[in-house]
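K.L.:
What follows is a structure written as structure tokens; I'll ask about it next.
What follows draws every value from the coordinates through simple rules; no lab data is involved. Being a predicted model, the structure only gives us computed values, none of them experimental. Every residue, glycine as well, gets a Cβ built from its backbone with ideal geometry; the counts of neighbours run over all protein chains shown.
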Amino acid sequence: MANDRPDLAGAPTDASRHIPPGQHLVHGWPVSHYGSVPRFRPERWNLRVFGATAERAERVWTFDVLTDLPRVTVVADLHCASGPTTLDHEWYGIPASAVLDLVPPAPGVTHVMAWAEYGYTTNLRLSDFTAPGTLLATHHNGEPLTAEHGFPLRLVVPHLYGYKSAKWLRAIEYLTEDRRGFWEERGYHNIGDPWQEQRYSHQEKPGEGPVPSDQRRPS
């Protein structure tokens, strides 16, 4: 079992004080998402890994095949960028590192884009995707995820704000250049570290967001 509570400079180390600045503790597990809950159709469902893969080919897993992939348990907190924090969620699922082992990225990959149902996206630095607490969850507190919380598969990136933990995950795209996802294009911070209170894009410092297209060097 892994515990992902960050060991960062300036972050609390006392277990009774592990709530990031600007957050408030809530009980239960509030449901929060954009749009309606998708219907799960197992005969149509798959998970894709594509983009800048080392072999220049995509990999696809059906729902049944996912059961053959490695599994881990991670105990972690969840922090919503709007302020609520909930504690000690027990996640069970596929470690993100296993995806990278099975489908290695090309040498120039720096970021990944997570794709979910209805075209929802969220971008991550490769280092955030490979963090020990990041996983593709199928269960929560010993039970399969409910539809409202992301069944059948939810990306969980517990060291970042909740909008980075995409529900109803359908694909991972390897990127050689950063690109903003759904909420990141709508004013949320490109990185989303709760311990740094990186909530909104206007807070971004140089290097924390994608390079504007008019500033990129010709390839």
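K.L.:
Using Cα pairs under 8 angstrom and six or more residues apart, how large is the relative contact order of region 41-178, in percent?
P.N.:
Working: 304 pairs, mean separation 40.6, N = 138.
Across region 41-178, relative contact order equals 29 percent.
K.L.:
Computed FRET efficiency, Cβ-Cβ of L87 and E177, R0 25 Å: what is it to the nearest 0.05?
P.N.:
Numbers: r = 36 Å, r/R0 = 1.44.
Plugging the Cβ-Cβ distance into 1/(1 + (r/R0)^6) gives 0.10.
K.L.:
If you don't mind, another one. Treating each Cα of region 55-186 as an identical point scatterer and ignoring solvent, apply the Debye formula and state log10 I(q)/I(0) at q = 0.11, 0.12, 0.14, 0.19 Å⁻¹.
P.N.:
Here log10 of I(q) over I(0) equals -0.36, -0.43, -0.59, -1.14.
K.L.:
What does the extension gain come out to for C80 and T67, with contour length at 0.36 nm per residue minus their alpha carbon separation?
P.N.:
Working: separation 13, 0.36 × 13 = 4.68 nm, distance 2.95 nm.
Extending this stretch completely gives an extra 1.7 nm.
K.L.:
Among 57-66, 97-106, what's the highest-first ranking by average C-beta atoms within 10 angstrom per residue? Display every interim value, and only then the final one.
P.N.:
On the way: 57-66: 13.6, 97-106: 16.8.
So the peptides 57-66, 97-106, ranked by packing, come out 97-106, 57-66.
K.L.:
Between T146 and S36, with labels modelled 7 Å along Cα→Cβ, what's the label distance in nm to one decimal, could you check?
P.N.:
1.9
K.L.:
Please list the non-local residues whose amide H lies under 5 Å from the amide H of A171, H modeled 1.01 Å from N, same-chain partners needing a gap of 5 or more.
P.N.:
Here R48, W115 satisfy the definition.
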